[in-house]
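Here is the structure we will look at.
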Amino acid sequence: MKILLTGGAGYIGSHTAVELLNAGFDVVIADDFSNSSPEVIRRIEKITGKAVSVYHVDVADEKALEGVFEDNSIDGVIHFAGFKAVGESVKIPLAYYRNNIGCTLTLLETMEKFGVNIIIFSSSATVYGTPKALPLAEDMTTGPCSNPYGSTKLFIEQIIMDAAAARKELTAVLLRYFNPVGAHQSGLVGEMPNGIPNNLMPFISQVAVGKLARLNVFGNDYPTKDGTGVRDYIHVVDLAKGHVAALNYGVKNPGVEVFNLGTGIGYSVLDIVNAFVKVNQIEIPYVITDRRAGDIAECYANAEKASRLMGWKAGLTLEDMCRDTWRWQKNNPNGYE
Ligand code: UFG
């Protein structure tokens, strides 16, 4: 099967490309490289020993996207392309709605035009909004989201569900990611945030490599075991394998299905810092600061549905996440440059 990955040069897309190629799928990547590097493609090919077809296109550009579908007999699509910075989305919400929703509409229309009937969508646990109960299960109510980025994910889920209701041939698997961290075990692909990282793990690894002086721990007065925020961190390679499982599931089970991709385990900020220090034998200086606006105390998944229906379960540990993050950071202090 030939699978198109929109945004396939990004953090999660690149790891998914590796797992798809390893599982015997052909991979076509469409990416505008606005937040990724063409070097990623060479790395994917090095890890897998297989070739990837790459198109430098904006997925919202209808003519350019049609060219990709004309050149390739696409059997299914995994849709990663989109802006993803929470803070930025608050400052330029219209750009987020225009880009994330616009490119999804173009993609769905193009898929219909070319008779492509399966889409896996890169959604987020952020669609649950402030958790009403924990762990978060797929049948719990969604929204309202605390920022426009999250709202684009929620609205796109709805758009895909409406498209699938109107066109019965369309199968969709919506994947709600919890907190992806880590890097491929080869140390060749990993996360490359622009500027100062917003997320915890890349911030820690940049402190470890000496690019940042210390970690700010955003609050230690939450109602959690040690007062710091608790999240469900999932190794990006497990997450990538979740996409292969979702594709195999969708091929056999027409319709629309939603899955959490998480481990079901909550770790605090200090758990992550302590594990990173222990596994990598490196100091991470930190200070406790005020809470970050918009943060919630705890968020973790009920991961049972994905295990029951898709036979997928996260297998890598917090130690794996810390070790693989550090290997990637150490080997690539300036990302893909
Ligand atoms: N944190 C710090 N210091 C930092 C960065 C983060 O203490 O420098 C803390 C946060 O307060 C939080 C935890 O580390 O308790 C995790 O924060 P991240 O920014 O890594 O992740 P979030 O859970 O805030 O956000 C993630 C994704 C979003 C997604 C959201 C909800 O990055 O894309 O989960 O699913 F929207």
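The values are calculated or read from the model by the stated rules, or taken from the named source; none is laboratory data. All values reported here derive from a predicted model rather than from experimental measurement. Ideal geometry is used to build each Cβ from the backbone, glycine not excepted, and the neighbour counts take in all protein chains shown. Please note that ligands, DNA and RNA were not included when accessible areas were found on the heavy atoms of the full protein model with its side chains. Shrake-Rupley method; radii C 1.70, N 1.55, O 1.52, S 1.80 Å.
A few remarks follow.
- Remark on Cys299: its backbone amide H falls under 5 Å from those of Val230, Arg231, Asp232, a criterion applied only to residues 5 or more positions apart or on other chains, H modelled at 1.01 Å from N.
- The trypsin sites (Lys or Arg not before Pro) of segment 140-227 that meet both conditions, a loop assignment by DSSP and at most 15 other Cβ atoms within 10 Å of the site Cβ, are Arg167, Lys168, Lys211, Arg214, Lys225.
- Entries of Lys50/Lys113; Lys225/Lys252; Lys168/Lys305 with Cα pairs more than 31 Å apart: Lys225/Lys252
- Here the 3J(HN,Hα) profile of segment 184-192, calculated from phi with Karplus coefficients 6.51, -1.76 and 1.60 at θ = phi - 60°, is 4, 4, 5, x, 8, 10, x, 8, 10 Hz, Gly and Pro shown as x.
- The long axis of helix 148-166 is offset from the longest Cα principal axis of the chain by roughly 30 degrees.
- Amide H partners (placed H, <5 Å) of Gly143, local residues excluded: Tyr128, Gly129
- Dipole of segment 192-272, positive direction: furthest Cα of Val217, Ile265, Ala246, with charges on the beta-carbon: Ala246
- Sorted from longest to shortest, the spans of the Cα atoms of segment 131-250 along the three principal axes equal 54, 38, 25 Å.
- With respect to the chain, whose longest principal axis is taken over its alpha-carbon atoms, helix 102-113 is tilted by about 30°.
- The dipole here belongs to the chain: it is taken about the Cα centre, uses +1 on the Cβ of Lys and Arg and -1 on the Cβ of Asp and Glu, and is about 580 debye.
- Taking the protein heavy atoms of segment 92-206 in the context of the full set of protein chains, the accessible area attributed to carbon and sulfur is 57 percent at 1.4 Å.
- In order along segment 80-91, the phi-based Karplus estimate (6.51 cos²θ - 1.76 cosθ + 1.60, θ = phi - 60°) of 3J(HN,Hα) comes to 9, 4, x, 6, 9, 8, 4, x, 4, 5, 6, 7 Hz; Gly and Pro are listed as x.
- In a reduced charge model with +1 at each Lys and Arg Cβ and -1 at each Asp and Glu Cβ, segment 187-280 shows a dipole moment near 200 debye about its Cα centre.
- The angle separating the long axis of helix 236-252 from the principal Cα axis of greatest extent in the chain is about 30 degrees.
- Stretch gain in nm, segment Asp295-Ser53, where the contour uses 0.36 nm per residue and the Cα spacing is subtracted: 83.2 nm
- Between the listed residues Met111, Ala81, Ala165, the Cα displaced farthest toward the positive end of the dipole of segment 68-222, a dipole computed from Cβ unit charges relative to the Cα centre, is found at Ala81.
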